[in-house]
Amino acid sequence: MTLLEFVCKWAKGDRTEESRLKGMLSGFFDRDPRTIRNWMCKTPNYVKWILERIDKEWEELGSINYAIFF
């Protein structure tokens, strides 16, 4: 799952939620927000693997749970 797919799925068009997701991901991956923007086009494989794990957990919960980032 690419970062773009992940953000589109979980932000559902809500700009506030999209910003929150990108902010949490920036902190989680310890990356500059510009890196996160670049990943929207070309997501590294290790990031795809992590996003798939987060997506699976959120699917099972039925909602977004930011606790996974802490």
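The values are calculated or read from the model by the stated rules, or taken from the named source; none is laboratory data. Just so you know, these numbers come straight off a predicted model, no measurement behind them. Please note: Cβ atoms are built from the backbone with ideal geometry, for glycine as well, and neighbour counts cover all protein chains shown. The area values use the complete protein model at the heavy-atom level, side chains included, leaving out ligands, DNA and RNA. Shrake-Rupley method; radii C 1.70, N 1.55, O 1.52, S 1.80 Å.
In vacuum, with every alpha carbon of the chain counted as one equal point scatterer, what does the Debye formula give for log10 I(q)/I(0) at q = 0.13, 0.14 Å⁻¹? Two decimals, please.
Debye output, listed in q order: -0.31, -0.37.
Can you give the calculated 222 nm mean residue ellipticity of the chain, where each DSSP H run of n ≥ 4 adds -39,500 (n - 2.57) and the sum is split over every residue, rounded to the nearest 500 deg cm²/dmol?
So the helix-based figure for the chain works out to -20500 deg cm²/dmol.
Trypsin sites (Lys or Arg not before Pro) within the chain: which are DSSP loop residues with at most 13 other Cβ atoms inside 10 Å?
Within the chain, the qualifying trypsin sites (Lys or Arg not before Pro) (loop, at most 13 other Cβ atoms within 10 Å) are Lys12, Lys42.
Treating the beta-carbon of each Lys and Arg as +1 and of each Asp and Glu as -1, no other charges, what is the dipole magnitude of the chain about its Cα centre, to the nearest 20 debye?
320 debye
Give me the 1.4 Å probe accessible area per residue for the chain, excluding ligands and nucleic acids, in Å². Walk me through the numbers before you get to the answer.
Details: 4640 Å² over 70 residues.
Here the per-residue accessible area is 66 Å².
Expressed as a rounded percentage, what relative contact order does the chain have, with Cα pairs under 8 Å and six or more residues apart? Intermediate results must be reported in sequence, preceding the final value.
On the way: 45 pairs, mean separation 30.7, N = 70.
Relative contact order comes out at 44 percent.
May I ask you to compute the full-extension gain from Lys42 to Asp30, defined as 0.36 nm times their residue separation minus their alpha-carbon distance, rounded to one decimal in nm?
Between Lys42 and Asp30, full extension yields 2.6 nm more.
What length, rounded to one decimal in nm, is gained on full extension from Leu4 through to Glu18, with 0.36 nm per residue of separation minus their alpha-carbon distance? Before the final figure, lay out the partial values.
Numbers: separation 14, 0.36 × 14 = 5.04 nm, distance 1.04 nm.
Working it through step by step, the gained length comes to 4.0 nm.
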